[in-house]
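Trainee: Shown below is the structure under consideration.
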Amino acid sequence: MSFENAVKNLTPEIYEAMKTALELGKWPDGKKLSMEQKELCMEALITYEISHNVPEEQRVGYIERDRPTPCALKAAAVESSSGVWTPESGVSKH
């Protein structure tokens, strides 16, 4: 059986267990995932999600692009403030 066929036949329970293992970096028995296991789990999860039409926002690694990230919010606040940072002073001028 090929890798793709094996992944397509995963049960939802196994999929969720692999997803949790990848998130935590360890198997349910507490053993740490090796780098190779992490890569294989990621590949298996992505293949499963595509073959089972998992909604994009529920997929592994999904990043919501509709709302600004904390860094973007901070940058916007700095740009809109009246102070100007200069490298020479290391402080804002008002």
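Trainee: Can you find, within the stretch 47-59, the residue that is nearest to Glu4 (Cα to Cα) among those that are outside any loop (DSSP other than H, G, I, E, B) and not aromatic (Phe, Trp, Tyr)?
Mentor: Thr47
Conditions tested, residue by residue: (1) over 18 Å from the mean Cα position of the chain (by Cα); (2) part of a loop (DSSP other than H, G, I, E, B); (3) on the phi > 0 side of the Ramachandran plot.
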| position | (1), (2), (3) |
| --- | --- |
| Ala6 | yes, no, no |
| Leu10 | yes, yes, no |
| Glu13 | yes, no, no |
| Leu22 | no, no, no |
| Gly30 | yes, yes, yes |
| Lys38 | no, no, no |
| Leu45 | no, no, no |
| Gly61 | no, yes, yes |
| Arg67 | no, yes, no |
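To keep it simple, each residue is scored yes or no on (1) at pLDDT 95 or above; (2) under 17 Å from Arg59 (Cβ atoms); (3) open to solvent by 70 Å² or more (accessible area, probe 1.4 Å).
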site	(1), (2), (3)
Phe3	no, no, yes
Leu10	no, yes, no
Ile14	no, yes, yes
Lys19	no, yes, no
Leu22	no, yes, no
Lys26	yes, no, yes
Lys31	yes, no, yes
Ser34	yes, no, no
Leu45	no, yes, no
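Trainee: What residue, of Ala72, Ala77, is over 30 Å from Pro12 (Cα atoms), modelled with pLDDT of 70 or more and either open to solvent by less than 70 Å² (accessible area, probe 1.4 Å) or part of a strand (DSSP E or B) (or both)?
Mentor: Sole residue among the options that is over 30 Å from Pro12 (Cα atoms), modelled with pLDDT of 70 or more and either open to solvent by less than 70 Å² (accessible area, probe 1.4 Å) or part of a strand (DSSP E or B) (or both): Ala72.
The values are calculated or read from the model by the stated rules, or taken from the named source; none is laboratory data. Nothing here was measured: the structure is a model prediction, and the numbers come from that model. Glycine also receives a Cβ, built like all others from the backbone with ideal geometry; neighbour counts cover every protein chain displayed. To get the accessible areas, we keep the full protein, side chains included, count just its heavy atoms, and leave off ligands, DNA and RNA. Shrake-Rupley method; radii C 1.70, N 1.55, O 1.52, S 1.80 Å.
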